[in-house]
Amino acid sequence: SAVISQKPSRDICQRGTSLTIQCQVDSQVTMMFWYRQQPGQSLTLIATANQGSEATYESGFVIDKFPISRPNLTFSTLTVSNMSPEDSSIYLCSGAGGRRTEAFFGQGTRLTVV
Amino acid sequence: KNEVEQSPQNLTAQEGEFITINCSYSVGISALHWLQQHPGGGIVSLFMLSSGKKKHGRLIATINIQEKHSSLHITASHPRDSAVYICAVYNNAGNMLTFGGGTRLMVKP
C-alpha cells in the first residue's frame, strides 16, 4: 500500500496560534481524510479532503477552524486555527486508492496547546 | 449505542497466550479493517476483509457478515504486540470509515 509522510510528528503551541500539518503520499490517491483523536478516544472524522475543491466537513467541524487544502492527488494540509487547550489531540491523515480499498494512515501529529 | 463496539476495552496477557479481540457493528458495511496503533500515534492497517478469514503471520481475522461480528486473534502473543487494536468499518458506499473505541493490549514477558 501507499506510504503517507505526515509532519510535524508533534508540537507544543501557544493558545491563539495556528498550526499547519502536512501529509505527502508517495502515490496518487483518490480519497484523503483528516481525523482527530482526543486523549483516550477513538478517531473522529474531521473532513474529507477533495482535490481542487473545498473539503467536506463533518458535523461539528468548520472550515474557519480547520481549513484544509488538497492541491493535487498526493498532498494535503490541515490547519488548526486559533488554538485552545481543547484542541490538544492527535491529528491523523489517511488515504485510500478508491472506494472499499485498504486505508493507510500517516504517523500522526501529537498536538499540545498550552 | 455506538455503531462499532469493541471488547474488551483493555486486555493484559502473558507472553505466549492466545488473544481474541471482538468487534460488533450495527450498520451495513462493505468491508472491515483491523488497525494497530502504537504509542507514538501512527496507525498500521493489519487486515481489510469483507468475508471469511485472513491470516498474516501470527494474526488471524475473521468476519461473520450475518452476525455483524469480527474477531482478531493473535497466536503466541509477544510483548511487541502491545498496542491499541482498532476495528473500523467501511459504509456501504465504501467511502467512509467508522471506528470502534479500540482495545488496549498489553503483553507481559
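Below, the figures for the structure above:
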read-out: Among A:Gly40, A:Gly95, A:Met83 - extreme Cα towards positive end, dipole of the range A:28-114, charges at beta-carbon; value: A:Gly95
read-out: Trypsin sites (Lys or Arg not before Pro) within the range B:1-63, DSSP loop, no more than 16 other Cβ atoms inside 10 Å; value: B:Lys1, B:Arg58
read-out: Highest-MSF residue in chain B out of B:Ala83, B:Ala13, B:Ala93 [GNM, Cα springs under 10 Å]; value: B:Ala93
read-out: Among A:Ala2, A:Val29, A:Phe66 the positive-end extreme of the charge dipole of chain A (Cβ point charges); value: A:Ala2
read-out: Per DSSP, loop chymotrypsin sites (Phe, Trp or Tyr not before Pro) in the range B:6-109 with at most 12 further Cβ within 10 Å; value: B:Phe18
read-out: Within a Gaussian network of chain A (alpha carbon springs, distance under 10 Å), most fluctuating of A:Thr77, A:Thr17, A:Thr56; value: A:Thr17
read-out: Within the accessible area of the range B:60-101 (1.4 Å probe), percent carbon and sulfur; value: 52 percent
read-out: Threshold 30 Å², the range A:88-114 residues less accessible with all protein chains present than alone (1.4 Å probe); value: A:Arg99, A:Arg100, A:Glu102, A:Ala103, A:Phe105, A:Gln107, A:Arg110
read-out: Heavy-atom accessible surface that B and A bury in contact, both chains counted, 1.4 Å, Å² to 100; value: 1700 Å²
read-out: Isotropically averaged projected area of the protein assembly as shown, using the convex hull of Cα atoms (one quarter of hull area), nm²; value: 12.1 nm²
read-out: Carbon/sulfur fraction of accessible area - the range A:13-65, other protein chains in place, 1.4 Å, %; value: 42 percent
read-out: Alpha-carbon Debye profile of the range A:47-104, log10 I(q)/I(0) at 0.17, 0.19, 0.21 Å⁻¹; value: -0.63, -0.77, -0.91
read-out: Residue with peak Gaussian network fluctuation, chain B [Cα springs, cutoff 10 Å], from B:Leu72, B:Leu35, B:Leu97; value: B:Leu97
read-out: Cysteines having no other Cys beta carbon under 4.7 Å from their own, within chain A; value: A:Cys13
read-out: Dipole magnitude of chain A, debye to nearest 20 (Cβ charges: Lys/Arg +1, Asp/Glu -1, about Cα centre); value: 120 debye
read-out: Solvent-accessible area per residue for the protein assembly as shown (1.4 angstrom probe, square angstrom); value: 47 Å²
read-out: Total charge dipole magnitude, chain B, about the Cα centre, Cβ charges on Lys, Arg, Asp, Glu only, Debye to nearest 20; value: 160 debye
read-out: Tail fraction, Cα-Cα pairs, chain A, threshold 21 Å, whole percent; value: 30 percent
read-out: Other protein chain Cβ atoms within 10 Å, averaged over every residue that makes up B:43-50; value: 4
read-out: At q = 0.28 Å⁻¹, base-10 log of I(q)/I(0) for the range B:1-61 (Debye sum, equal scatterers on each alpha carbon); value: -1.45
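The values are calculated or read from the model by the stated rules, or taken from the named source; none is laboratory data. Everything quoted here is computed from the prediction, not taken from an experiment. Here the Cβ is made from the backbone with ideal geometry for all residues, glycine too, and neighbour counts use every protein chain on show. Accessible surface is based on the protein model in full, side chains and every heavy atom, while ligands, DNA and RNA are left aside. Shrake-Rupley method; radii C 1.70, N 1.55, O 1.52, S 1.80 Å.
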